[in-house]
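Bear in mind these aren't lab numbers, they're just calculated from the coordinates by the rules spelled out. What you are looking at is a predicted structure, and each value in this text was computed from that prediction instead of being measured. Note: ideal-geometry Cβ built from the backbone for every residue, glycine included; neighbour counts use all protein chains shown.
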Amino acid sequence: MTTPVTIQFVDTDVESIADAPGRVIAFLGGDGKMGIAARRVDRLTRGALKRVAASDAFARLKPGEGLELAFPAGLAASALQVIRLDRKDDITAARKAGALIGRSLGRDGALVLADAVTRAAELSFGLALRAYQFIDRKTTKGEEFGAVTLMVNGPEAVAAEAAPLAALAEGIFFTRDLVNEPANILTTDDFAARLAAMQELGLEVEILEEEQLAELGMGALLGVGMGSASPTKVVVMHWNGGGEEAPLALVGKGVVFDTGGISIKPAAGMEDMTMDMGGAGTVAGVMRTLALRKAKANVVGLVGLVENMPGSRAQRPGDVVTSMKGDTIEVINTDAEGRLLLADVLWYAQERFQPVAMIDLATLTGAVIVALGFENTGVFSNDDALCEAFLAAAKAEGEGAWRLPMGDAYDAALKSRVADMRNVGGGRAGSSLVAAQFLKRFVKDEVPWIHLDIAGTAALKGDWAFGPKGATGWGVLALNRLIRDRFEG
Ligand code: BES
Ligand code: ZN
Ligand code: MN
């Protein structure tokens, strides 16, 4: 498992700056203002910081951006990174500044002179998020990041502020690791075992096996896994940090690999389908965060774990399956498997828990990428108030989210000749919306519900502000904030 880089907060000690190994990071206000530590760096480097402050290059920087001096005279450090940050700058700028440090962190670690930084805890959080690397599957050793020291005013207070953020970073890393992991390693069994291991943190974890799923009547979910040697499972994670109130239910699509099944996908790019368990990964990361920060809320996380493979036992196009709800579904395309899985897990979540609200996450449709690219998750909902609250939480955390419409016209496309419905619409038009409409058939009218289509946001093809290429952990931040603001007593 990838653990966040070690970060310690200490009082400012200007005497230790000259000999610090690794990288040294100093901050300058837009007006060139320096803190005590920065002033010492300026003196040691014979005025380098003042020259930076007076330069055009510095004038062009936005808050949270920086520039770098390599092997600076007067310091033992391999580099001096100078970042523009004002006392009044917001959380986003502080996280961005931290991410900049995280991006160029090396084996020798860093000394961050944050005595004049007002949001040092947020800065350390941005640093931790960006300094993620998935190296569990590499045999080359010694690539781990060196420890980071932040010199701050009042280290105890900053450390206390940073604690819940560290819980978030761990939850996000848990999600990223799951999403980055290849499918021969993260099998349904392995996934369930990793979730069961969270019992150590105080979560209650139940694993429902195929026999029980069959007894419950989950024919839609079970149909998806027929072609795979890996057993289909539903894992239920309970966090009971609240009172007696009904829980919020989080439901995740956990397709450990999506070949498409008999409606097989083209070979090019199929390897990306290791991330098709991103919804389940995010649910797991949120549950981990809630446990680590001992959230005062009742939340239940349910994930359907299954592998979509072709094979002699695989379900065929044209098969009719019966869902737990009782509705029959004609499987026109075995590659539209996520909605089949969710149909049963959503229904189970409502029947068993009568949740106050329900949010599902799924890498559900390629079409949502056509609509929104990689910047925004597609948001669908039957409840304006809940949806607005979620969008506000996502915005506050800098996670892109955009609401898309629902409506009867999209639902009409699901009419089947032989069953109660079919699993795809007529064609490509609005197919993310048709998929959301399919899910809605398995959501009770009185349950406030949000569907998040994270096909474009769960993993990225290049580096981004808060992480390297690969899994992002999108949604852990927004959901944690929504729970904190709306479901915590
Ligand atoms: N897992 C895919 C969706 C996906 C595509 C996720 C690209 C991430 C990146 C999903 O199971 C799928 O195959 N959807 C089909 C639905 C179609 C058959 C109606 C799609 O999007 O093509
Ligand atoms: Zn899929
Ligand atoms: Mn598919």
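Structure above, values below:
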{"read-out": "Members of LYS88/LYS469; LYS62/LYS461; LYS415/LYS444; LYS62/LYS88; LYS233/LYS461 lying beyond 22 Å, as alpha-carbon distances in this model show", "value": "LYS88/LYS469; LYS62/LYS461; LYS233/LYS461"}
{"read-out": "Theoretical FRET efficiency, 1/(1+(r/R0)^6), r = Cβ-Cβ of GLU244 and ASP383, R0 41 Å, to 0.05", "value": "0.95"}
{"read-out": "Net charge dipole size for segment 171-487 [Lys, Arg +1 and Asp, Glu -1 on Cβ; Debye, nearest 20]", "value": "520 debye"}
{"read-out": "Shape of segment 157-249, Cα gyration tensor, a/c cut at 1.5", "value": "oblate"}
{"read-out": "For peptides 409-417, 342-350, sequence by mean Cβ density within 10 Å, most packed first", "value": "342-350, 409-417"}
{"read-out": "Helix-only CD estimate at 222 nm, as mean residue ellipticity for the chain, using -39500 (n - 2.57) per DSSP H run (n ≥ 4)", "value": "-10000 deg cm²/dmol"}
{"read-out": "Highest-first arrangement of 307-320, 228-241, 446-459, where packing means the average Cβ count within 10 Å", "value": "446-459, 228-241, 307-320"}
{"read-out": "Alpha-carbon centroid distance for the pair segment 244-282 / segment 56-112, whole angstrom", "value": "38 Å"}
{"read-out": "For segment 34-51, Karplus couplings with θ = phi - 60° (6.51, -1.76, 1.60), whole Hz, Gly/Pro x", "value": "10, x, 4, 5, 4, 4, 5, 4, 4, 5, 4, 9, 6, x, 4, 5, 5, 5"}
{"read-out": "Loop-located trypsin sites (Lys or Arg not before Pro) in segment 1-86 whose Cβ has at most 14 other Cβ within 10 Å (DSSP)", "value": "LYS33, ARG46, ARG60"}
{"read-out": "Relative contact order (%) - segment 171-487, alpha-carbon pairs under 8 angstrom, separation at least six", "value": "22 percent"}
